[in-house]
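A quick write-up on the structure given underneath.
The values are calculated or read from the model by the stated rules, or taken from the named source; none is laboratory data. These numbers were taken from a predicted model, which means no experiment stands behind them. All Cβ positions, glycine included, derive from the backbone under ideal geometry; neighbour counts span all protein chains shown.
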Amino acid sequence: MSPAVPLIALESVVVMRGRRPVLAIAEMAIDPGMVLALSGANGAGKTTLLKLLAGLVVADRGVLTCLGTRLAPRPAARYCRGRHVYLHQTPYMFEGSVEDNIAYGLATRVRDFAARRIEIRAALAWAELGGLARRRAKTLSLGEQQRVALTRAKVLAPPLLLLDEITANLDAENRRRTYALIADLKRAGTSVVFASHDPEPVAAHADLHLELVDGRLQRYAPYTSAVVPLRPPAHAERHESG
């Protein structure tokens, strides 16, 4: 079987802030259905990398290859924006109920009202939010709001979901629920990049561990608690165990 074409690959990508590079990625790739644990200290470039992959930040130079097509930074950002979904640790809730929030993205994707209702009910059950469907979303706890945000992303079926420290302020039960939802997304074929100061909890689901130091990849290897020198694995090697 031939290896899958990466969803997105970065080559010599640099993001500048003034005269200073805040991100400099020599090479990396994300395959379909892959979960990556992204770690690094504050200011290491995690959020910049996630927003770059979501098309919310435009690289100053480099090449991004999207599903086999090489693109300059600006057209690559246009391609990623709207296809790849970025979630911040402080979830944004639209006005209205939990159900309204989950329906928001479906309005343009599923035109048939009955089909939309079925998909919303299935999504609420998936995230264990059925009992909160009519609650005003902005009144929910942070953990509940994160599950709403994840569910709102899920119904859009993004090929790549980018999670920025979304468990940082959650209690143990809501973290457990979040990791379970990530495992479900992986099984459904969604690629996930999960940024965290402590990547160990997501290790059970992660295929690769990326560690950023001063905007550069220090580690890019199959997940392990041991320190691994930077050596991006060959494409075939990434799939050897899976």
Inset, instruction - Answer yes if at least one residue in segment 86-95 is in contact with a strand residue (DSSP E or B) (Cβ under 7 Å, 6 or more places away or on another chain) and assigned to a strand (DSSP E or B), and no otherwise. - result: yes
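Taking segment 145-181 only, how many residues are outside any loop (DSSP other than H, G, I, E, B), farther than 12 Å from TYR86 by Cα and of a type in the set (A, V, I, L, M)? So that I can check it myself, show each step before the final result.
Filtering segment 145-181 for residues outside any loop (DSSP other than H, G, I, E, B) gives 145-154, 160-164, 172-181.
Filter once more, keeping what is farther than 12 Å from TYR86 by Cα: 145-148, 151, 172-181.
Filter again for of a type in the set (A, V, I, L, M), leaving 148, 172, 180-181.
Of the residues in that region, 4 qualify.
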Inset, instruction - Mind listing whichever residues of segment 191-232 are modelled with pLDDT under 70 and among the charged types (D, E, K, R)? - result: ASP198, GLU200, ARG231
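Any idea which of LEU50, LEU56, LEU38 is under 16 Å from the mean Cα position of the chain (by Cα) and part of a loop (DSSP other than H, G, I, E, B)? Break it down into steps so the answer makes sense when it comes.
Numbers: LEU50 fails: part of a loop (DSSP other than H, G, I, E, B); LEU38 fails: part of a loop (DSSP other than H, G, I, E, B).
Every option except LEU56 fails the conditions.
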Inset, instruction - Scan segment 129-143 residue by residue and report those that are within 21 Å of the chain's Cα centre (by Cα) and touching a residue at least 40 places away in the same chain (Cβ under 8 Å). - result: LEU142
Legend entry - Where a residue in segment 185-205 is farther than 14 Å from LEU36 by Cβ and its partner, wherever it lies, is assigned to a loop (DSSP other than H, G, I, E, B) and at pLDDT 85 or above, with Cβ under 6 Å and at least six apart: GLY189/GLY33
Legend entry - Within segment 1-35, tally of residues that are part of a loop (DSSP other than H, G, I, E, B) and either among the charged types (D, E, K, R) or under 24 Å from ILE182 (Cα atoms) (or both): 10
